[in-house]
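Colleague: Once you've had a glance at the structure underneath, I'll fire off some questions.
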Amino acid sequence: MRTDTKNLVSVSDFSRHPSRYINSAAKGTSHVILKDNRPTAAVIDMESAERLAHLDELEDDLKLMAASLVRLVTDDGTRHSLDDVAAEFGIDLDELRKD
C-alpha cells in the first residue's frame with residue numbers, strides 16, 4: 001500500500017477532525033497518523049483491512065506449508081514410540097496416566 005505524502009496526518013489534527021479522515025478512508029484514501037513526526041498508525045477502508053487480514057492468514061498457511069515441506073524432505077523414516085521418548089526424558093507414563 002503506497003501512501004502519498006499528502007495523506008500524512010499529525011495525531012493532533014486527527015484528534016481534532018477524526019470524522020474527516022474516517023470518511024476519507026471509507027472512500028478508499030488511506031491516511032498515516034504521525035506522532036512525533038513518526039508513522040504510528042493508519043486509517044484505512046474496511047476492504048483493505050480485510051485484505052490485510054486475509055494476507056496474514058495466507059502468510060501463516062505458507063509458513064506451515066514450508067515447515068511441512070522441510071520435514072518431508074529431511075524425514076529419514078525413523079519413528080519413535082511415545083514410551084521410548086518418555087523414557088529418554090525420564091518421564092513415567094504410568095504415573096502421568098494416574099493423574
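Throughout, read-outs are computed from the coordinates displayed, never taken from laboratory work. The structure presented is a predicted model; accordingly, all values stated were derived computationally and were not measured. As a convention, Cβ positions derive from the backbone with ideal geometry for all residues, glycine included, and neighbour counts pool all protein chains shown.
Colleague: Calculate the FRET efficiency for ASN7 and LEU64 from the Cβ-Cβ distance with a Förster distance of 41 Å, rounded to the nearest 0.05. Numbers along the way, then the final one.
Modeller: Details: r = 35 Å, r/R0 = 0.86.
After rounding to 0.05, the efficiency reads 0.70.
Colleague: To continue, here is another question. Compute the signed sum of charges (Lys and Arg +1, Asp and Glu -1) over the other residues within less than 14 Å, Cβ to Cβ, of LEU69.
Modeller: Taking every Cβ under 14 Å from that of LEU69, the sum is 0.
Colleague: Moving on. Using a 10 Å cut-off on Cβ atoms, rank the peptides 12-22, 26-36 from the highest mean neighbour count down.
Modeller: 26-36, 12-22
Colleague: Starting from the Cα of LYS27, draw a straight line to each of the aspartates and glutamates and keep only those under 16 Å, dropping any in the same chain fewer than 8 residues away.
Modeller: ASP4, ASP45, GLU47, GLU50
Colleague: Continuing with the same structure: Across every pair of different alpha-carbon atoms, what Kirkwood hydrodynamic radius in Å does the chain reach?
Modeller: When all Cα pairs of the chain are included, the Kirkwood radius is 18.5 Å.
Colleague: Over the chain, what relative contact order in percent results from Cα pairs under 8 Å that are six or more residues apart?
Modeller: Reported relative contact order: 17 percent.
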